[in-house]
Amino acid sequence: MKIYSFSALVTALVMIAGLFFSSPFVALLKSFTIADGFSALLNRQVMMVVITSLVTALLATGLAAVVGTILGYYFTFHKNAGSRWLKTFFSLPLVLPPSAAGYMLLLAFGRYGLIGAPLYQTFSVQIMFTVSALVLAQFFVVTPLMMQAASSAFQQVPDSLVKASHSLGAGEFTTFIKVLLPLSKPVLLAGAITAFARAIGEFGATMMVAGRLKTIPIMIYVKAMGGDAGVADGLSLLLVLLSFTVLMLVNVIGERH
Amino acid sequence: MSLELNEVSLEIDRELILDRVSLKLPAGQSLVVLGNSGAGKSKLLEVIAGLIRNQYGRIAFRNRELTPLPPQERGVGFVFQDYALFPHMNAGENILFGLNARKASSAEKSKWLKAVTEELRIDHLLERFPAELSGGQQQRVALARSMVLRPEVLLLDEPLSALDAASRERLALLIKRIQKKYKVTMIYVTHDHNEARFMGDQVLVLEAGKVVQIGSPEVIFARPGSRFVAHFTATRNIFPGRIVDQYDDRRALVEFPGGRLISASFPEAGAEVWVCLRPEHLALVSSETAAGELTGNVGKEPAGANQLNGYRINQFIPQGGVTVLVELEKEGARLMVFSSSRKVEQKELVVGSEVKLAVAASHVHCLPRQPDDIYCQPYIS
């Protein structure tokens, strides 16, 4: 009797949670009209925003894939007293409020910032409020994701394979290229796809460094606040579809792996 | 000209894994390392291969200091228990991995690939991936992967433990043949005493990171230096006893709960001892057989002097094939002895019947015993 009661309680909670989580999606679909949505998306300005988002997210993901993989490798195979602290430090952007991350990037790379000032004074290079700033902000936020994916990928490679490689005369670099990377490919790919989805959806940090530039999330915010539901609906649906596809891809890769 | 380890110690997370391990293995010989799980056997191999750096001591081969060298510069081959084949490469690519890492020429690669794969009879498997190979085939590929680099020292970490009995026998013969043919200096880790006997020119017994005995298999198995070694080499019959009389410097009479025997391997008279009797050295005899007729006896013991009487058969434990282990008992003392399965099948030996045993004095091995050593009954494994 008690078991049945518990089962009924769980079912009820699942239904309530389902209602709660589906309500924003239902609301979006209810608000979205095909005619308005498509005409808004085909607008030149909106198209530019989509392209900017895709390009910056791809660049940030590419950079994060390289740097995150190297960091993941380092923290998997070079464990020492300090590495735990260092790994926690590199993971900070995962839990840091994105607006704080953006603000700190401003402090570091702004025209009067720690690195930004000498860059501007020496090379007349300004990073903030350019496309580079968008890439930088997205890179800052998604690199820890990639690092974690790489760490878990390398940990899954049996220790004896790495030892076998070394005993056969391969140094660390050859072992990394010939053994670790090929065996970690599916998890690294899933990590990169997740990082891309996170980068394209990044709002807080990007908003702080974007200036007049806009990405999809910034555009949604601006249009929603300005009462332009057509563009906000269209772009939101685009992100929902993109996120869904990404999750499906990650699941498929996970199952195959 | 040998592989030398001098006072090699290894500490991991403040735990002493290897404790001042020293050994000297002549080049071209094989050493089997025997020990329990966690004794440090695998770590010893990894230290020699350079996969783990030892904090103390030195390792040298043919007077070349190996201690500071990375694994790739040591000229040491390693065969792993789980084969450690790269799953994303086929057998051929696995075998060539080391030669590719060393940037060997194509001619050299094809020459050694052909030679080694023909030798190991795996030349028809080169296109297959590890997942498509049986355990025995995978271990052959792993062996080929090491041998293709013509290592001067080959380390094998329980290479047969994951295989079925038939594959194990075949591969053991193959490894021994290859080791002798190429005169490779080999260290072979196992916890199987039969493998140790077969594979090693020398046997080293490791206990909690320490070398407790090293010597030829004959010495280690017939004259274990401690009760641990006796147990580990499947002596099976170990009794607490006492040297009650000494006839001369080669013979003494030892008394133990199961009887009295003449021993040719004993400490001083009056000593408290562990009496070690290997099951294969005990013979079930008819009443007419005299102990002196047994080979290996020293001197002319009187007829019946090295016989044990009054034991009854408790049970038979099949050992596979033609051998059976017979458990005997007399007044609470239990003894294990090998016999042929045929005798059991033909009812020459039946449970409950009384039997007589004989053993050569040279096979009655007595170890010094401390008064607080705990008595252990013979065990079955």
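Can you work out the Karplus-derived ³J(HN,Hα) for every residue in segment A:101-118? Use 6.51 cos²θ - 1.76 cosθ + 1.60 with θ = phi - 60°, whole Hz, and x for glycine or proline.
Values, residue by residue: 4, x, 4, 5, 5, 4, 4, 7, 10, x, 4, 10, x, 4, 9, x, 5, x Hz.
Note down the nm distance, to one decimal, between modelled labels 7 Å out along Cα→Cβ at A:Ser132 and at A:Leu247.
Between A:Ser132 and A:Leu247, the simple spin-label model gives 3.7 nm.
Please give the FRET efficiency for B:Ser22 paired with B:Glu73, using the beta carbon to beta carbon distance and R0 = 30 Å, rounded to the nearest 0.05.
0.80
Per the Kirkwood definition applied to all pairs of different Cα atoms, how many angstroms is the hydrodynamic radius of segment A:57-152?
14.2 Å
How much of the pair distance distribution for chain A lies past 33 Å, counting alpha-carbon pairs only, in percent?
36 percent
Going by amide H atoms built from the backbone, whose H comes under 5 Å of the H on A:Val125, apart from near neighbours?
A:Tyr120
Counting only heavy atoms of protein chains, what accessible area per residue, in Å², does the protein assembly as shown have with a probe of 1.4 Å?
Per residue, the protein assembly as shown has an accessible area of 49 Å².
So what is the relative contact order of chain B, in percent, for Cα pairs below 8 Å that sit 6 or more residues apart?
15 percent
Rounded to the nearest 0.05, what FRET efficiency do B:Lys343 and B:Lys210 give with R0 = 51 Å and r taken as the Cβ-Cβ distance? Could you check?
0.75
Ignoring ligands, DNA and RNA, what percent of the accessible area of chain B is carbon or sulfur (1.4 Å)?
Answer for chain B: carbon and sulfur cover 49 percent of the accessible area.
Calculate the spin-label point distance for A:Tyr221 paired with B:Glu65, positioning each point 7 Å from the Cα along the beta-carbon direction, and give it in nanometres.
Using points 7 Å along Cα→Cβ, the separation is 6.2 nm.
Looking only at chain B, where both bridge partners belong to it, what percent of the DSSP beta bridges are antiparallel (to the nearest 5)?
Looking only at bridges with both residues in chain B, the antiparallel portion is about 75 percent.
Which trypsin sites (Lys or Arg not before Pro) does segment A:46-126 hold that lie in a coil by DSSP with at most 13 other beta carbons within 10 Å?
Those that pass, being in a loop and sparsely packed, are A:Lys79.
Chain pair B, A: how much accessible area is buried, both chains summed, with a 1.4 Å probe, in Å² to 100?
Accessible area lost upon association: around 1500 Å².
A:Ser23 to A:Val67: extension gain in nm, 0.36 nm per residue of separation minus the Cα-Cα distance?
Taking A:Ser23 through A:Val67 to full extension adds about 12.0 nm, to one decimal.
For B:Ala107 and B:Ser2, compute 0.36 nm times the residue count separating them, minus their Cα-Cα distance, and round to one decimal in nm.
34.6 nm
Averaged over its residues, how many other protein chain Cβ atoms are within 10 Å of peptide B:313-321's Cβ atoms?
Per residue, the number of nearby Cβ atoms from other chains is 0 on average.
Quantify how strongly other chains surround peptide A:154-164 by giving the mean number of their Cβ atoms within 10 Å of each of its Cβ atoms.
5
log₁₀ I(q)/I(0) of segment B:12-71 at q = 0.12, 0.15, 0.20, 0.26 Å⁻¹, via Debye over equal Cα point scatterers, no solvent, to two decimals?
-0.30, -0.48, -0.86, -1.38
How big is the Rg/Rh ratio for the protein assembly as shown, C-alpha atoms only, Rh by Kirkwood, two decimals?
1.17
Expressed in whole Å with the largest first, what are the equivalent ellipsoid semi-axes of segment B:2-222 derived from the C-alpha gyration tensor as the square root of 5 times each eigenvalue?
Largest first, segment B:2-222 gives 28, 20, 16 Å.
Any idea how far the Cα center of segment B:165-194 sits from the one of segment B:28-65, in Å?
18 Å
Among the trypsin sites (Lys or Arg not before Pro) in segment A:151-247, which ones are in a DSSP loop with at most 13 other Cβ atoms within 10 Å of the Cβ? Mind listing them?
Those that pass, being in a loop and sparsely packed, are A:Arg212.
Would you mind finding the longest exposed-site-free stretch of chain B, with exposed GluC sites (Glu not before Pro) meaning DSSP loop and at most 13 other Cβ atoms within 10 Å?
The longest such stretch corresponds to B:128-267.
Taking the Cα centroid of segment B:99-122 and of segment A:124-144, what is the distance between the two, rounded to the nearest whole Å?
When both Cα centres are located, 50 Å separates them.
Among bridges DSSP assigns within the protein assembly as shown, what percent are antiparallel (round to 5)?
75 percent
Can you tell me the mean projection area, over all orientations, of the convex hull of chain B's alpha carbons? Units nm², please.
22.3 nm²
Given 25 °C and 0.890 mPa s, how large is the Stokes-Einstein diffusion coefficient of segment B:235-368 in µm²/s, with Rh as the Kirkwood radius over Cα pairs?
164 µm²/s
Tell me which residues come under 5 Å, amide H to amide H, from B:Thr323 once H is placed; ignore anything under 5 positions away on its chain.
B:Ser341
So which chymotrypsin sites (Phe, Trp or Tyr not before Pro) in segment A:72-158 are both in a DSSP loop and have at most 14 other Cβ atoms within 10 Å of their Cβ?
A:Tyr112
Run the helix sum for the protein assembly as shown: -39,500 (n - 2.57) per DSSP H stretch of 4+ residues, divided by residue count, reported at 222 nm to the nearest 500 deg cm²/dmol.
Per the formula, -15000 deg cm²/dmol.
Between segment A:36-104 and segment A:155-180, how many Å separate their Cα centres?
Cα centroid to Cα centroid, the span is 29 Å.
Using the Karplus curve 6.51 cos²θ - 1.76 cosθ + 1.60 with θ = phi - 60°, what ³J(HN,Hα) values do you get for each residue of segment B:215-221, in whole Hz, with x for Gly and Pro?
Those phi angles translate into x, 5, x, 4, 5, 4, 7 Hz.
³J(HN,Hα) across segment B:38-48 via Karplus (A = 6.51, B = -1.76, C = 1.60, θ = phi - 60°), whole Hz, x for Gly/Pro?
Working through the residues one at a time gives x, 6, x, 4, 5, 5, 4, 5, 5, 5, 5 Hz.
How long are the semi-axes of the ellipsoid equivalent to segment B:1-43, from square roots of 5 times the Cα gyration tensor eigenvalues, in whole Å, largest first?
22, 13, 6
The values are calculated or read from the model by the stated rules, or taken from the named source; none is laboratory data. The structure displayed is predicted, hence computed values, not measured ones. Quick reminder, even Gly has a Cβ in these numbers, built from the backbone with ideal geometry, and neighbours come from all protein chains shown. Quick note on the areas: whole protein, heavy atoms, side chains included, nothing else; ligands and nucleic acids left out. Shrake-Rupley method; radii C 1.70, N 1.55, O 1.52, S 1.80 Å.
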